[in-house]
Structures are given as structure tokens and as C-alpha cells.
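Following: one structure in C-alpha cells, then a few remarks.
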Amino acid sequence: MKIICIGRNYVAHAKELGNEVPTEPVIFLKPDTALLKNNDPFYYPGFSKDIHHEVELVLRISREGKNIEPQFAHKYFDQVGLGIDFTARDLQTKAKSKGLPWDLAKGFNGSAPVSKFIKAEEIENRENINFKLLVNGEERQNGNTQNMLFKFGDIISYISKFILLKTGDLIFTGTPEGVSAVNIGDRLEGYIEDQKMLDFEVK
Ligand code: MG
């Protein structure tokens, strides 16, 4: 399986990092070794001093597809979960300043904690899903899919022009504003609506 991520998909987040609002989805990948499941702890890596949380809704692809039209994209995912796109912001900033790829800043071991999944059919309105992240009990990020620049259908359609989607692939759909640093000892709790999806520690 592969993990495909969208960057800068919420205007307020693009602006908080000083980035332009994109006219096409910004895509990057994480290797399968980035996956962290079952609320396992995240071990703070020694190569960074500025790991940021980015809470994101995650789609699970349920059938193979390429060149998918946006209006048919809902047929290609069956589950929605919550994930953290952990980012070594110091490494990413350095790479961006040199025009180099972000791979190591985004794709290191454990950089993609993912929750259990909810059946997509159980979600009434996918254009209006609330999700949030608490750190040590305090709300840090709060998003709603209404504010996505590129909706689920647009994202799947765009990616599938370039990359064959396969069953089990995960798509991180972008983070709202409020990204900030995590520290050893922090407890991260993530919710979709009122349902607790993630609860793990930084060690
Ligand atoms: Mg992200």
C-alpha cells in the first residue's frame, strides 16, 4: 500500500506557513514504514528539534482506479479515518529553501499515525465533517471539510491521473490551521465529530 498526502488544502493553514494558496493539489507521499497504528506511541526522532502535528482526515481506497472522474470518486473509498501527518518542520523548511524534496521531513518512521476507520456510508454529509486535535487536553486544531480547497472527489480524481490507486492505499486530505510543535510527554487525542479516534503519547 501507499500513503498519498495533500498539502496546503486549507487556506488558513497554507497562509500560516507563508505559502501561496495552490491552484492544483500539492501531492507528496510517505512510505508504508511511516504508518503507526493502534495508538502506539510516537517516538520523537533524534534528527529534528521541531516536529509538528497536522491532523487530517484519511480516506481508505477500496478498489483499483485510474483517471477517475470527480463525480465517481466516492465509489473508490469506503472508509474514513483520522491521521497525523507528522512533519519535521525544521528539515522541511531547510529543504523548501533549497528547492529540494520534502521526503525525509514528511516520510520518516512513524510519521503517519492512523486511527481505526469509520465506514464512509455511515457519514451523512462528507462535505461537512468536523474533526479536531487536542494536545494535553487543549484544543490545537479544529477543521471542517467545508473548508477544503480540493474536496475528496477532486483529490482522488487528480491523484488518479498520475498514480494508479489500489485497494488499501491511504490518502491524507490536508490539515487545517493550528499546526504546532509536539514535545516528549505530550498526549494527542483526535476526534471525528464526537467520536474519539486517536489517543497516543509522544515518547
Ligand atoms: Mg499535512
Legend entry - Residue satisfying all of: in the range 55-105; under 16 Å from Gly7 (Cβ atoms) and charged (D, E, K, R); farthest from the chain's Cα centre (by Cα) among these: Lys96
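Listed here are the residues, each with its yes/no results for (1) touching a helix residue (DSSP H, G or I) at 6+ places or on another chain (Cβ under 8 Å); (2) more than 26 Å from Glu189 (Cβ to Cβ); (3) among the β-branched types (Val, Ile, Thr).
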| position | (1), (2), (3) |
| --- | --- |
| Trp102 | yes, yes, no |
| Ala105 | yes, no, no |
| Ser111 | yes, no, no |
| Val114 | no, no, yes |
| Leu133 | no, no, no |
| Glu139 | no, no, no |
| Gly143 | no, no, no |
| Ile163 | no, yes, yes |
Legend entry - Pairs where the first residue, in the range 101-130, is more than 16 Å from Phe28 (Cα to Cα) and the second is basic (Lys, Arg) and part of a strand (DSSP E or B), C-beta under 7 Å, 6+ apart: Phe117/Arg60
Inset, instruction - From Ser111, Ser115, grab the single residue that is touching a strand residue (DSSP E or B) at 6+ places or on another chain (Cβ under 9 Å), buried (at least 21 other Cβ atoms within 10 Å of the Cβ), at pLDDT 95 or above and closer than 21 Å to Thr167 by Cα. - result: Ser115
Inset, instruction - Would you mind finding the one in Ser97, Ser62 that is of a type in the set (Ser, Thr, Tyr) and in contact with a Ser or Thr (Cβ under 8 Å, 6 or more places away or on another chain)? - result: Ser62
Inset, instruction - Determine whether the range 161-171 contains at least one residue that is within 24 Å of Tyr43 (Cα to Cα), without any contact (Cβ under 8 Å) to a residue 60 or more places away in the chain and touching a strand residue (DSSP E or B) at 6+ places or on another chain (Cβ under 7 Å). - result: no
Inset, instruction - Could you check how many residues of the range 118-142 are surrounded by fewer than 13 Cβ atoms within 10 Å (Cβ to Cβ) and assigned to a strand (DSSP E or B)? - result: 3
Inset, instruction - For the range 164-185, name all the residues that are away from the ligand (no atom under 16 Å from the Cβ) and either modelled with pLDDT under 95 or crowded, with 18+ Cβ neighbours inside 10 Å (or both). - result: Leu165, Asp169
Inset, instruction - Out of the residues in the range 161-182 that are touching a Phe, Trp or Tyr at 6+ places or on another chain (Cβ under 8 Å) and among the polar types (S, T, N, Q), state the one that is nearest to Glu122 (Cα to Cα). - result: Thr173
Inset, instruction - Could you tell me whether any residue of the range 155-162 is of a type in the set (A, V, I, L, M, F, W, C), assigned to a helix (DSSP H, G or I) and within 15 Å of the ligand (Cβ to nearest atom)? - result: yes
Legend entry - In the range 15-41, the residues that are touching a residue at least 24 places away in the same chain (Cβ under 8 Å) and among the hydrophobic types (A, V, I, L, M, F, W, C): Leu17, Val21, Ile27, Phe28, Leu29, Ala34, Leu35, Leu36
Inset, instruction - Take the range 73-92 and flag every residue that is in contact (Cβ under 8 Å) with a residue 24 or more places away in the chain and under 19 Å from Val182 (Cβ atoms). - result: Leu82, Gly83, Ile84, Asp85, Phe86, Thr87, Ala88, Arg89, Asp90, Leu91
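The values are calculated or read from the model by the stated rules, or taken from the named source; none is laboratory data. In this text the structure is predicted, and so the values were computed from the model without any measurement. Every residue, glycine among them, receives a Cβ derived from its backbone with ideal geometry; neighbour counts consider all protein chains shown.
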